[in-house]
2 protein chains.
Amino acid sequence: MQAFQIQKVSNQISAEAQHKIDFKTKPTGALGTLEKIALQIANIQQNLSPALLNPHLVVFAADHGLAREGVSKYPPEVTYQMVLNFVGGGAAINVFSKQHGINLQVVDAGVMGDFPLTLPIIHQKIGHGTKSSLHESAMTILEAEKAIESGAKVVQDIFEKGCNVIGFGEMGIGNTSSASLLMSKICHVPLLNCVGRGTGVDDEGLKHKISILEQVLTKHKPNNLLEILANLGGFEIAQMVGAILQAAQNQMIILVDGFIATSAVLVAHALEPNVLDYAIFCHQSDESGHKRMLEYLKVEAILKLNLRLGEGTGCALAYPIIQSAVNFLNEMASFESAGVSNRV
Amino acid sequence: MQAFQIQKVSNQISAEAQHKIDFKTKPTGALGTLEKIALQIANIQQNLSPALLNPHLVVFAADHGLAREGVSKYPPEVTYQMVLNFVGGGAAINVFSKQHGINLQVVDAGVMGDFPLTLPIIHQKIGHGTKSSLHESAMTILEAEKAIESGAKVVQDIFEKGCNVIGFGEMGIGNTSSASLLMSKICHVPLLNCVGRGTGVDDEGLKHKISILEQVLTKHKPNNLLEILANLGGFEIAQMVGAILQAAQNQMIILVDGFIATSAVLVAHALEPNVLDYAIFCHQSDESGHKRMLEYLKVEAILKLNLRLGEGTGCALAYPIIQSAVNFLNEMASFESAGVSNRV
């Protein structure tokens, strides 16, 4: 597997950045979460006046063999259709990215159907959907490695265009199942606490989904992280793992979306714990299990809007708040500069 | 007191708006809070393609006699200094308003010092700070009425410039005390559950604050809402009450900030319950008591960012999310238009 060198973020300017935050014209700590984000970004960039440059959002799409086992309310062809919807500008993530000037890229990581090569898609299909992990490994180790490399390459290309903040989204009918399996295995959490309704299965559907996933877990005996990813993951998740690792290696700010994106962070974090220093968790999903994932990583998300959509929508919606954190650090007056009394 | 005619928002187009929301290319309900906001705004504007026009944020500033009783960590002159900071563009609300293209207006509702009339401030001082409610009524009934009228006038003037969405913020050393008193009286909640640390008093300071406010509550025996407001309120809170009532009468979208702004909503709502139909609660403050206020009104806030700053910062930070709600309703493709399958 491709090796990544991910540095721990230095605390060298942390005290100075905190001092700058504390002497803005507001009570100490009064900007709450924004102050934490500002400090994190100043530390990542080692700069008391940080900047968000050429923001990007990459949506990885792929199909899942498991979708044939009736774990989702929607048919697998929706993955293909939604990619065309992304290209056509009609999906939620198009609307929110456009609103905030975020450059949106769509990656075919392994959708079942083939797209015309002329479409503005990054074509790096690992296969035509994964195998059903109910019967065999979702992908081979070689495919998992290739997916990590492809995901990393997308980020490297974007990085070279001067981007320093990047979010990741996904589309793949059946991928909450894959994310639940990864979570259960990596966090050692019973499957029941990892599985939710995805795009909205009913009680009966949920029971079926859990029963299928229990069988999948029993079937596979992976010996390491790469095998866990290959047995249970998806092509979009595996590419996202590579993307996250590359972004952290490049010391970019990483915007993490919901349940499935966080499952990719779980894998990346288990491989390279330092990735967390670069990650900003944007939205705590309505999908049950996501809260537990965030607790496992000991992180908190900026937004809780009961979204359960994926596509990177949580990243795009949180982006203006992250921008606000940078802006207050750069633009607010200090007590001294504004002539405001600091204490009684 | 000035009479307001506030219509209940009609549900006439509600079913059609919900249908439009449900047939966007996403699982039903997957945009969570954004779907509720979109529906509320469509209903307020009676329009399936609503729009946010010429957004404004008005910060009402005033001083409090109670501030002399040591209920705040900051000296009263900070109110005056912060108004100058607003005018100079150095406060948090300046930064966030500018970021989102929100027109910011500052109102002197009753700051102790006098501002040069040439400054870009709406000069409508009701008095040089309120009296200390520990000893007498914070203001007279006439002053409370005048404040409501003045607040309403500000909104009417802005409305006539084509604004249909307006947020309200405040600045006033000592005003969390005033808000706590109003809350206790209107919601019939013990004072202990209404009082927090404001700008950051320590344990000793908090004990003192509570003891002072208990004495204030014992002293006054108001017979109606206007007397409650006059006895316990502040000039900025009273002007905000008028502003909220006028905005609701004009069927504008009202953005509600944190603890103090919500105390003004409590008064406005007690006078005219229909105001809630027009209100979007932007941020649940870190100030203890605010959560209980929101529960009393049976509403939920969009953001929980542990802010405790006021100034309307919660409104400005939530604004892009409200805009996203409008945008997805207007811009997303439907299942039909995008050729995406709606069900298995």
Note on the stretch A:306-344: residues facing chain B (nearest Cβ under 7 Å), among the β-branched types (Val, Ile, Thr) and either without any contact (Cβ under 8 Å) to a residue 40 or more places away in the chain or in a helix (DSSP H, G or I) (or both) are A:Ile321, A:Val344
Exactly one of A:Gly162, A:Gly200 is farther than 27 Å from A:Ala3 by Cα and surrounded by fewer than 24 Cβ atoms within 10 Å (Cβ to Cβ), and that residue is A:Gly200
In the stretch A:83-107, residue farthest from A:Pro320 (Cα to Cα) [restricted to those that are surrounded by fewer than 24 Cβ atoms within 10 Å (Cβ to Cβ) and away from chain B (no Cβ under 14 Å)]: A:Gln105
Identify, from the list B:Ser133, B:Ser177, B:Ser137, B:Ser211, the residue that is farther than 17 Å from B:Met1 by Cβ and surrounded by fewer than 24 Cβ atoms within 10 Å (Cβ to Cβ). B:Ser211
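Listed residues B:Ile260, B:Ile254; which is crowded, with 24+ Cβ neighbours inside 10 Å, at pLDDT 95 or above and assigned to a strand (DSSP E or B)? Don't jump to the end; show me each part of the working.
On the way: B:Ile260 fails: assigned to a strand (DSSP E or B).
The conditions single out B:Ile254.
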Can you tell me which residues in the stretch B:66-82 are surrounded by fewer than 24 Cβ atoms within 10 Å (Cβ to Cβ) and more than 9 Å from every other protein chain (Cβ to nearest Cβ)? B:Arg68, B:Glu69, B:Pro76, B:Tyr80
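Go through the residues of the stretch B:306-313 one by one and say whether even a single one is within 27 Å of B:Gly198 (Cα to Cα) and of a type in the set (Lys, Arg). Explain how you work it out, then say what you get.
To start, the set of residues in the stretch B:306-313 that are within 27 Å of B:Gly198 (Cα to Cα) comprises B:306-313.
Narrowing the set further to residues that are of a type in the set (Lys, Arg) leaves B:308.
Checked against the condition, which is being within 27 Å of B:Gly198 (Cα to Cα) and of a type in the set (Lys, Arg), the stretch B:306-313 yields at least one hit.
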Any chance you could count how many residues in the stretch A:255-305 are within 14 Å of chain B (Cβ to nearest Cβ) and in contact with a His (Cβ under 8 Å, 6 or more places away or on another chain)? 9
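Among the listed residues A:Ala270, A:Ala248, A:Ala261, which satisfies the condition of being within 12 Å of the chain's Cα centre (by Cα) and either closer than 23 Å to A:Val78 by Cβ or assigned by TED's automatic domain parsing to the domain that holds A:Ala61 (or both)? I'd like the intermediate steps shown before the answer.
Values: A:Ala270 fails: within 12 Å of the chain's Cα centre (by Cα); A:Ala248 fails: within 12 Å of the chain's Cα centre (by Cα).
Result of the check over A:Ala270, A:Ala248, A:Ala261: A:Ala261.
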Would you point out which residue out of A:Leu34, A:Leu52 is farther than 29 Å from B:Tyr74 by Cβ and within 21 Å of the chain's Cα centre (by Cα)? A:Leu52
Selection within the stretch B:61-96 - under 30 Å from A:Gln99 (Cα atoms) and either of a type in the set (Val, Ile, Thr) or under 15 Å from the mean Cα position of the chain (by Cα) (or both): B:Val87, B:Ile93, B:Val95
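With the structure loaded, tell me whether A:Lys36 is part of a helix (DSSP H, G or I), of a type outside the set (Asp, Glu) and out of contact with any Ser or Thr (no Cβ under 8 Å at 6 or more places or on another chain) or whether it fails that test.
On the way: part of a helix (DSSP H, G or I): yes; of a type outside the set (Asp, Glu): yes; out of contact with any Ser or Thr (no Cβ under 8 Å at 6 or more places or on another chain): yes.
Spelling it out, A:Lys36 is indeed part of a helix (DSSP H, G or I), of a type outside the set (Asp, Glu) and out of contact with any Ser or Thr (no Cβ under 8 Å at 6 or more places or on another chain).
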Listed by first then second residue, the pairs whose first member lies in the stretch A:81-95 and is more than 10 Å from A:Val106 (Cβ to Cβ) and outside the structural domain of A:Gly110 (by TED's automatic domain parsing), whose partner is surrounded by 24 or more Cβ atoms within 10 Å (Cβ to Cβ) and among the β-branched types (Val, Ile, Thr), with beta carbons under 9 Å and at least 6 positions apart or on separate chains, are none
May I ask you to verify whether A:Gly200 is at negative phi, more than 17 Å from the chain's Cα centre (by Cα) and not in a strand (DSSP E or B)? no
Against the conditions (1) among the aliphatic types (A, V, I, L, M); (2) at pLDDT 95 or above; (3) not in a strand (DSSP E or B), where does B:Ile280 fall short? Just the number, please. (3)
The number of residues in the stretch A:160-182 that are assigned to a helix (DSSP H, G or I) and in contact with a Ser or Thr (Cβ under 6 Å, 6 or more places away or on another chain) is 2
Within the stretch A:18-35, considering residues that are touching a residue at least 40 places away in the same chain (Cβ under 8 Å) and closer than 25 Å to A:Leu303 by Cβ, the one farthest from the other protein chains (Cβ to nearest Cβ): A:Ile21
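The values are calculated or read from the model by the stated rules, or taken from the named source; none is laboratory data. Worth saying up front: this structure is predicted, and the values here are computed from it rather than measured. FYI the Cβ positions are ideal-geometry reconstructions off the backbone, even for glycines, and counts take in every protein chain you see.
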